[in-house]
Amino acid sequence: MARCIMDQENIGRVEPDLYRSVMGKFATGIALVTATDKGMAFGMAMNSLTSVSLDPCLLLVCPRRGSATGDAIRNAGAFAISILASGQADICNRFVGKNALRFDGLDLPTDLNCAPLIPGALAQISCRVHAVYPGGDHEIVLGEVVDCRHDDGAPLIFHDGKFCQTAA
């Protein structure tokens, strides 16, 4: 095996657009993360959802630093996740962009923390905030799962900048 000596001083910085393109090759599911703060519902679409631990049950989400939903999650100390099912791309699109009309016209149940849940989602998870860490232009929110449920079906998949369909 060839010996490799890393030259830290000459390693360049990767351009964000290239990095985004490369990470787009990793197929992910789509989750809507919601919270209620001061009686108002907040939510965002994201694919940065990772299971961290089984004992206790922990997961992480990564909202953009300074986002209204990220602020609501921290203020409320709790959040919900709805993992979208195949066929819910229209719902996902409501939760993208600053001026999106996320909840308009939707009759949404809430979880035990008053966070909105998306009907027809493949799975729903309720969390309380366990810890928040800095992560560049995002925050890493570690949530302790306090309730969860799932249905059978196929997930909504995002790959290479577009939604994809899969079989159940």
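The values are calculated or read from the model by the stated rules, or taken from the named source; none is laboratory data. Here the structure is a predicted model, which is why all the values come from computation and not from measurement. For neighbour counting, all protein chains shown are included, and Cβ atoms are generated from backbone atoms with ideal geometry for every residue, glycine included.
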*Taking region 22-46 as the search range and keeping residues that are within 19 Å of Pro116 (Cβ to Cβ) and polar (S, T, N, Q), which one is surrounded by the most Cβ atoms within 10 Å (Cβ to Cβ)?*
Thr34
*Unique residue being touching a Pro at 6+ places or on another chain (Cβ under 9 Å) and at pLDDT 90 or above when the list is Ala31, Ala85*: Ala85
*Taking only region 29-41 into account, find how many residues are in contact (Cβ under 8 Å) with a residue 60 or more places away in the chain and within 13 Å of the chain's Cα centre (by Cα).*
5
*For Ala45, work out the one condition from (1) farther than 26 Å from Ile91 by Cβ; (2) hydrophobic (A, V, I, L, M, F, W, C); (3) touching a Cys at 6+ places or on another chain (Cβ under 6 Å) it doesn't fulfil.*
(1)
_Tally of residues being within 18 Å of Ala78 (Cβ to Cβ) and either exposed (fewer than 14 other Cβ atoms within 10 Å of the Cβ) or aromatic (Phe, Trp, Tyr) (or both) across region 103-125_ = 3
*If you scan region 147-167, which residues turn out to be aliphatic (A, V, I, L, M) and touching a residue at least 60 places away in the same chain (Cβ under 8 Å)?*
Ala154, Leu156, Ile157
*Just name the residue that is farthest from Val129 (Cα to Cα) out of those in region 141-159 that are assigned to a loop (DSSP other than H, G, I, E, B) and aliphatic (A, V, I, L, M).*
Ala154
*Complete set of residues in region 77-114 that are of a type in the set (Ser, Thr, Tyr) and farther than 24 Å from Leu142 by Cβ*: Ser86
_Can you go through Cys57, Cys62 and tell me which one is surrounded by 11 or more Cβ atoms within 10 Å (Cβ to Cβ), under 22 Å from Val132 (Cβ atoms), more than 16 Å from the chain's Cα centre (by Cα) and in contact (Cβ under 8 Å) with a residue 60 or more places away in the chain?_
Cys57
*Which of the following residues is in contact with a strand residue (DSSP E or B) (Cβ under 7 Å, 6 or more places away or on another chain), surrounded by fewer than 21 Cβ atoms within 10 Å (Cβ to Cβ) and either under 14 Å from Gly43 (Cα atoms) or touching a residue at least 60 places away in the same chain (Cβ under 8 Å) (or both): Arg94, Arg128, Arg74?*
Arg74
*Looking only at helices (runs of 4 or more DSSP H) that fall completely inside region 1-120, which ones have 1 or more residues that are within 20 Å of Asp151 (Cβ to Cβ)?*
89-94
